[in-house]
Amino acid sequence: MKFWFLLFMLVTASFSALAVEPDERLKDPVLEARAREISKDLRCLVCQGQAIDDSNADLAKDLRVLVRKRLTAGDTDEEVRQFLKDRYGDFILLNPPVEKKTLLLWLTPAIVLGAGLIVAGVFVRKRSGQG
């Protein structure tokens, strides 16, 4: 069992390491590190639950290239993020800011968890004959 788990982890790690292709990488290691850091916080619009840094989707690659172009043009990290946020909205951010318009996005997991606990509690009470 451990062997299969380790194999799975190795394969998963190798796929995310392959997402950023060699032709995308910048020659300047400082700019490349900045690009990787920014890309880890941006949502792949195709995969949605994955950062563009880890995604092999064509759109994710286009976004990684765009991040690198903006950085080589002299943009700061925040300017790159703001450019993408202006273009795609808060959805592009893996951790969108807590604002009125994103409040439901942040509260939904707690609401679903609470509802699940209530349903489980009712089910347990009925099964034990207390309901």
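The values are calculated or read from the model by the stated rules, or taken from the named source; none is laboratory data. Keep in mind it's a predicted model, so treat the numbers as computed, not measured. Virtual Cβ from ideal backbone geometry, glycine too; neighbours counted across all protein chains shown.
Filtered by the rule that a residue be surrounded by 15 or more Cβ atoms within 10 Å (Cβ to Cβ) and either basic (Lys, Arg) or outside any loop (DSSP other than H, G, I, E, B) (or both), the range 32-63 gives Glu32, Arg34, Ala35, Arg36, Ile38, Ser39, Leu42, Arg43, Ala51, Ala60, Lys61, Leu63.
Out of Leu66, Leu107, I need the residue that is at pLDDT 95 or above, hydrophobic (A, V, I, L, M, F, W, C) and part of a helix (DSSP H, G or I). Which one? Break it down stepwise before answering.
On the way: Leu107 fails: at pLDDT 95 or above.
Just a single option satisfies the conditions, and that option is Leu66.
For the range 8-28, state whether one or more residues are surrounded by fewer than 12 Cβ atoms within 10 Å (Cβ to Cβ), farther than 27 Å from Gly89 by Cβ and modelled with pLDDT of 90 or more. Within the range 8-28, not a single residue is surrounded by fewer than 12 Cβ atoms within 10 Å (Cβ to Cβ), farther than 27 Å from Gly89 by Cβ and modelled with pLDDT of 90 or more.
Would you check if Gly129 is among the small types (Gly, Ala, Ser), assigned by TED's automatic domain parsing to the domain that holds Ala51, farther than 19 Å from Leu42 by Cβ and outside any helix (DSSP H, G or I)?
Values: among the small types (Gly, Ala, Ser): yes; assigned by TED's automatic domain parsing to the domain that holds Ala51: no; farther than 19 Å from Leu42 by Cβ: yes; outside any helix (DSSP H, G or I): yes.
So Gly129 fails the test.
In the range 116-126 there is at least one residue matching the filter, namely being modelled with pLDDT under 95, of a type in the set (D, E, K, R) and outside the structural domain of Leu42 (by TED's automatic domain parsing).
Return the total of residues in the range 48-69 being closer than 15 Å to Tyr88 by Cα and free of Cβ contacts under 8 Å to residues at least 40 places away in the same chain. Selection size over the range 48-69: 7. Within the range 75-104, the residues that satisfy the criterion of being in contact (Cβ under 8 Å) with a residue 24 or more places away in the chain and part of a helix (DSSP H, G or I) are Asp77, Val80, Arg81, Leu84, Tyr88, Phe91, Ile92.
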